[in-house]
Amino acid sequence: MRTDKVSALRTLIGASAVAGALVIAVAPLSSAATAVPAVPGASSTDVAAASHAAASPVVLQRLGGFFAQLGPAGTPLSVHAAAPAPAAVAAQAPHLVGATVPVYYLNPGFVTAPYGTTAVAKQEFMATAAVSASGQRASVWTARSTAHQNAWTEFNIASGSTETDMTAAAAKLGNGAIAFYEPQIHAWYGLFKDHVTPLNNDAIHSVGSAGISLVGYQRLVNGRYADKVPGTAYANQHMLGGFNTGPAKPASGTHSENTEMAFGAAGLAGLFGIGYAIRRRRGSFVDAR
């Protein structure tokens, strides 16, 4: 009888130990299931101001010049392309299409923050699609003015309409879904509730065609970027895709708008200090990949 009692006691202790191990193993996952703060949306006032800035006569004129300098599909523009003739610019007759949308990028804080404390993405700028008379598409990027915080201004014109296209694709996932971009690998995702869905091929390569849970996505980007976020040695070296991105002087004779563009590009590239590309602006091509 004594032997039976000892055996039963050992079994109980063993079961308790296993249960304890399970509690310890499961606890981090349980805490990881905490809801993540929602990605802050754009106010209707800001959207209206950004849309108004994109539709200004000055921006439409720039769009005409931009479209006039575009070569055949897939042909990159030369860095110092000659200014197009006024007639060629006017012939483009550019106009904006669709709504102005907020554009979200992976939030550096999400990479290393405890799960449930930081939103996965943050707004970087607004985008408005534009089309030329010949059907070419572009995206006007607007940001809050550094001089007037209540005003918005155009800082980049990019080929294609990726930002608005991805926003529309994400909206199909459900009410409240957003699109966000992981610039280091050129991946676009749709976020709906606690699931991250790939929206382009680069995202499929990243998380698989079925997507990934938000918990899993944080683990993924933590592994990729935890040693590269602002404040790390990598970021402090001003490294961007292997190239130093320290302050540079504008080329002699350039217009002050180029300084504005560089400021905007530097701010966006500063997400992690690694790969980012400004696609095209007014006939110039800057690729930092």
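The values are calculated or read from the model by the stated rules, or taken from the named source; none is laboratory data. Values in this document were obtained by computation on a predicted structure and should not be read as measured data. Backbone-built Cβ (ideal geometry, glycine too); neighbour counts: all protein chains shown. These accessible areas exclude ligands, DNA and RNA; they are computed on the full protein's heavy atoms, side chains included. Shrake-Rupley method; radii C 1.70, N 1.55, O 1.52, S 1.80 Å.
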Segment Ala168-His95, length gained on full extension (0.36 nm per residue, minus Cα span): 24.4 nm
Considering only protein heavy atoms, what is the solvent-accessible area of Trp188 at a probe of 1.4 Å, reported in Å² to the nearest 10? 10 Å²
Per the 1/(1 + (r/R0)^6) rule, R0 = 35 Å and r from the Cβ atoms of Ser43 and Asn222, FRET efficiency to 0.05 is 0.70
Give the accessible surface of segment 98-241 per residue, rounded to a whole number of Å², with probe radius 1.4 Å and ligands, DNA and RNA excluded. 41 Å²
Rounded to a whole number, what % of the accessible area of segment 69-204 do carbon and sulfur atoms account for, probe 1.4 Å? 57 percent
Kirkwood Rh in Å, taken over all unlike Cα pairs in segment 87-228: 16.4 Å
Over the alpha-carbon set of segment 169-235, divide Rg by the Kirkwood Rh and report the Rg/Rh ratio to two decimals. 1.01
Residues His148 and Ala83, FRET efficiency given R0 of 25 Å [Cβ-Cβ distance, rounded to 0.05]: 0.30
Computed ³J(HN,Hα) along segment 164-176: with the Karplus parameters 6.51/-1.76/1.60, θ = phi - 60°, integer Hz and x for glycine or proline, the list is 6, 5, 5, 4, 5, 5, 5, 4, 6, 6, x, 5, x
Prolate/oblate/rounded label for segment 88-139 (Cα gyration tensor, a/c 1.5): prolate
Loop-only trypsin sites (Lys or Arg not before Pro) in segment 153-223, please: DSSP not H, G, I, E or B, and at most 15 other Cβ atoms within 10 Å. Lys172, Lys193
Spelling out what I want: for every residue of segment 43-50, take phi, set θ = phi - 60°, compute 6.51 cos²θ - 1.76 cosθ + 1.60 (Karplus), and round to whole Hz; glycine and proline get x. 6, 4, 5, 5, 4, 5, 5, 5
Across segment 94-99, in residue order, what do the Karplus-derived ³J(HN,Hα) couplings come to in whole Hz, using 6.51 cos²θ - 1.76 cosθ + 1.60 with θ = phi - 60° and x for Gly and Pro? x, 8, 7, 10, x, 8
What is the distance, in nm, between label points placed 7 Å from the Cα along the Cα-to-Cβ direction at Asp202 and at Thr112? 2.4 nm
Can you order the peptides 57-68, 153-164 by their average number of other Cβ atoms within 10 Å per residue, highest first? 153-164, 57-68
